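Note sheet for the following structure.
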Amino acid sequence: MPTIKEIAKVSNVSVATVSNVINGKGRVSEETKRTVRKVIEELNYTPNYVAKNLKMKSTRSIGVIAEDMTVFDMPDIIDGITECCEKEDYQILLVNLRLYKKYEDRYYRDNRHREEVHRVIDKLRAKQVEGIIYVSAHERLIDVIPEGMPLPVVVAYGFTNKVEIPSVVVNDLQGAEELVNYLIDCGHKNIGVIAGKKESVHTQSRLEGYQRALFAGGILYDPGLVLYGEWDRESGYKHTDVLLNAGCTAIFCMNDFMAGGTYDRLNELGIQIGSDIAVVGFDNREMASYGKPPLTTMGLPLHDIGYKASELILEALQKKGQEKAESAHYMDCRLIIRESVNKVGEPE
């Protein structure tokens, strides 16, 4: 590969002039620019940005550790990270741990991947990354980041127990409150819930949003109308009859898979969704738009989470640790109204 010195020699100009042409700096005549650029093209010269960045003690690279790229939330989060980094002329070095493929969800509880994460961080640091974004496959407490990290770290789609490591998460409370408010605005007062696992932070925050909406609407909270499941279609199916027997006119499923199970059972019973009863979901999975009728649900701000995580890393690099960021950043969900909610209590 030719060097700047060789370009300068062939162009009959100084090395400084070639550098100014490449970087668009300094005062260089148009004729000299054309000459240098022609030589660069003829010699097929490519600037060595790696060497340049190392000389400047900046690689303009961010390490991204993804727990598992096959999990539904990952692509949009990574896309948000990439968009922000590209905009700021940073590259990402992506590592896919493939944890769900290896352990399913068992690693959520025992942190068996802790040492693996430490090894990956060491490798990324050896490659001179300036910061690290850890992307969780499931929103929970992330406690696998080493103590005393010498470079900024942000956790996306997960919480941390370290004040120096900010996290970016879904505003589940806002999403659930807005979704249930919509049901109340449509006249529903007896609203049942098919929730996820009781210990899940998603479940807890979405339940709080549900309770806030009921309180604001003057509706008494009935814990008997909240049934816990496994985030799967079967949970939606088996809990539907209980809520129907309780007289519910609307069912709030805490994810779209459970809503699919509720659809299955209501269809078996000949109950018309969006006419006889209202059903809403959460997450806006692809299946939601294909339901009959299409499912009203809450879209997750996955792209925004990734973008915000990148912004926090870049801000930390600019501040050089002089100022501490907020510990948690909540990104709002977006209500997606389709045809699965009917209005009740209106005069004919």
>> I'd like to verify a number: residues in the stretch 297-328 that are outside any helix (DSSP H, G or I) and modelled with pLDDT of 95 or more, how many?
In response: 5
>> Taking the condition of being at pLDDT 95 or above and either assigned by TED's automatic domain parsing to the domain that holds E88 or of a type in the set (F, W, Y) (or both), how many residues in the stretch 280-296 meet it?
In response: 1
> Quick one: is I184 crowded, with 16+ Cβ neighbours inside 10 Å and either farther than 30 Å from G261 by Cβ or in contact (Cβ under 8 Å) with a residue 40 or more places away in the chain (or both)?
Replying inline: no
> With respect to T249, is the statement that it is polar (S, T, N, Q), surrounded by fewer than 24 Cβ atoms within 10 Å (Cβ to Cβ) and closer than 23 Å to G158 by Cα true?
Replying inline: no
> In the list N111, N161, which residue meets the criterion of being outside the structural domain of A216 (by TED's automatic domain parsing), on the phi > 0 side of the Ramachandran plot and at pLDDT below 95?
Replying inline: N111
> What are the residues in the stretch 35-47 that are over 12 Å from S19 (Cα atoms) and at pLDDT below 75, if any?
Replying inline: T46
> Considering only the stretch 260-284, how many residues are among the polar types (S, T, N, Q) and within 14 Å of A250 (Cβ to Cβ)?
Replying inline: 3
> Across the stretch 91-133, what is the number of residues that are under 16 Å from S58 (Cα atoms) and under 19 Å from the mean Cα position of the chain (by Cα)?
Replying inline: 5
> Any idea which residue in the stretch 286-312 is surrounded by the most Cβ atoms within 10 Å (Cβ to Cβ), counting only those that are touching a Leu at 6+ places or on another chain (Cβ under 9 Å) and more than 12 Å from V170 (Cα to Cα)?
Replying inline: T297
> Can you pull out the residues in the stretch 109-162 that are assigned to a loop (DSSP other than H, G, I, E, B), under 21 Å from S200 (Cβ atoms) and polar (S, T, N, Q)?
Replying inline: N111, S136, N161
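The values are calculated or read from the model by the stated rules, or taken from the named source; none is laboratory data. The structure displayed is predicted, hence computed values, not measured ones. Note that we place each Cβ from the backbone using ideal geometry, even for glycine, and neighbour counts take in every protein chain shown.
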